[in-house]
1. Taking a ≥ b ≥ c as the square roots of the Cα gyration tensor eigenvalues, with a/c under 1.5 meaning rounded and otherwise prolate when a/b beats b/c, else oblate, which class fits the stretch 176-303?
2. List, in order, the whole-Hz ³J(HN,Hα) value for each residue of the stretch 339-353 obtained from phi through the Karplus relation with A = 6.51, B = -1.76, C = 1.60 and θ = phi - 60°; use x for Gly and Pro.
3. Calculate, in whole percent, how much of the Cα-Cα pair population of the chain lies beyond 26 Å.
4. Which of the peptides 199-208, 350-359 is most tightly packed, and how do the rest follow, judged by the mean count of other Cβ atoms within 10 Å per residue?
5. Skip the ligands, DNA and RNA, and give the accessible area per residue of the stretch 115-250 with a 1.4 Å probe, whole Å².
6. By accessible area of protein heavy atoms, probe 1.4 Å, what ranking do His337, His279, His369 get, highest first?
7. Pulled fully out, how much extra length does the chain show between Val316 and Leu156, if you take 0.36 nm times their separation in residues and subtract their Cα-Cα distance?
8. Please find the FRET efficiency linking Val148 to Trp127, where r is the Cβ-Cβ separation and R0 is fixed at 30 Å, and quote it to the nearest 0.05.
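The values are calculated or read from the model by the stated rules, or taken from the named source; none is laboratory data. A quick note: this is a predicted structure, and the numbers were derived from the prediction, not measured. Note that each Cβ is placed from the backbone with ideal geometry, even for glycine, and that neighbours are counted across all protein chains shown. Heads up: the accessible areas ignore ligands, DNA and RNA and are worked out on the full protein's heavy atoms, side chains in. Shrake-Rupley method; radii C 1.70, N 1.55, O 1.52, S 1.80 Å.
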Amino acid sequence: MTAELLVLLIVIVTALVFDFTNGFHDTANAMATSIATGALSPRTAVLLSGALNLIGAFLSVEVAATVAEGIVRLDQVGGPDLLEIVFAGLVGGILWNLLTWLFGLPSSSSHALFGGLIGATIAALGWSGVIWSAGQKGVLAKIVVPAVLAPVVAALVASIGTWLVYRLTRGSEQRVVDRGFRWGQIGSASLVSLAHGTNDAQKTMGIIFLALIAYGSARPTDQLPLWVIVACAIAIAAGTSLGGWRIIRTLGKGLVDITPPQGLAAESTSAAIILTSAHFGLPLSTTQTVTGAILGTGLGRPGAEVRWTVLGRMVVAWVCTLPLAGLAGAICWGLAHGIGGFPGVLVVFAALIVLSGLIYLRSRRTPVHAANVNAEWTEPSAAAAQTTAEVLPETESAGRT
């Protein structure tokens with residue numbers, strides 16, 4: 001077994017680890033509102049979401065093609081260097097996913113991946129190595145523009161939908177209305193999970209295919225291998241089934257106090273936008289889309305409270321995702337390339353394991369789980385600089401009653 005083949009295997013394993021973190025990081029996108037309103041129990045929600053992510057991953061490969069061909073200029077880099085770039089980008093994305101999960105921030109896993117890949121590419125090839133703009137391809141058209149438009153469009157559509165729902169049901173018994181909308185939420189949340197699998201699993205498929213191109217076992221014009229699709233579908237479904245409770249809590253309880261009509265409006269809006277983007281090959285951020293839709297329901301519901309400080313923290317995380325994940329990717333590439341070949345990749349992989357372990361151990365100090373995910377929201381103190389869960393000492397006792 002050659003050193004280059006070992007590097008390829010490590011890259012594939014790292015890509016599937018990223019897919020797994022994408023799953024539990026983004027479970028909140030589909031199920032936070034259904035859990036918050038009681039339409040689904042927490043455990044049932046994440047298991048259903050995992051199953052539908054698995055199915056959704058097989059529905060399209062348009063986004064995978066964008067990731068494989070629309071970011072790095074393949075004509076400027078050789079096989080071993082491209083493998084190191086892909087590996088460093090994945091490590092940057094994983095570390096950002098885990099860090100934002102620790103603080104309960106629903107940042108974009110997609111942009112973490114793209115940021116890591118762009119940072120590693122710039123470190124290796126310079127600014128010209130990235131396809132910034134090439135007609136309808138490139139970073140600007142495929143990543144930046146959708147990132148700006150998706151949450152705005154989702155907020156607008158969801159606010160109108162929520163206003164219409166409350167307008168049409170005015171005068172009806174609220175208990176009956178809520179029961180009907182909870183049933184509707186099960187369907188709409190399932191559709192978001194299906195859309196998430198269709199859009200997000202493909203990003204890892206595209207990264208693995210890029211690694212296969214670098215190794216020389218595939219060409220850019222080849223079809224995506226079936227084993228890549230299956231492996232990525234299983235990885236994201238497994239991660240989703242784990243449940244990213246910290247982020248579920250922020251989206252379900254922190255931004256807006258969700259009611260069943262709002263939940264249905266947010267989920268329906270998100271599913272429509274995400275499925276449309278997958279059809280056109282746009283690697284959309286499901287996190288930003290869902291967050292925009294939830295915000296829109298708060299704006300559209302008469303008398304609803306939007307916690308703007310929570311939204312502000314989310315926006316800061318969104319703005320920082322590309323540059324900070326890019327910085328991590330660049331550092332990882334410099335370390336791997338500086339040591340050279342398989343030993344360099346192995347050192348970075350070991351560092352990833354150690355840092356991931358430390359983040360996990362830190363999270364165990366203030367656990368958020370199925371039993372306390374719906375506890376009453378309390379705004380964190382800026383002076384304490386604590387995580388969302390740390391400023392909720394009552395949540396653990398609430399989860400054990």
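1. On the way: a/c = 2.67, a/b = 2.44, b/c = 1.09.
Prolate.
2. 6, x, x, 4, x, x, 4, 5, 5, 5, 4, 5, 4, 4, 4
3. Pairs farther apart than 26 Å: 49 percent.
4. The most tightly packed comes first, giving 199-208, 350-359.
5. Accessible area per residue, the stretch 115-250: 42 Å².
6. On the way: His337 80, His279 130, His369 45 Å².
The most accessible residue leads, giving His279, His337, His369.
7. Numbers: separation 160, 0.36 × 160 = 57.60 nm, distance 2.08 nm.
Gain in length upon complete extension: 55.5 nm.
8. 0.90
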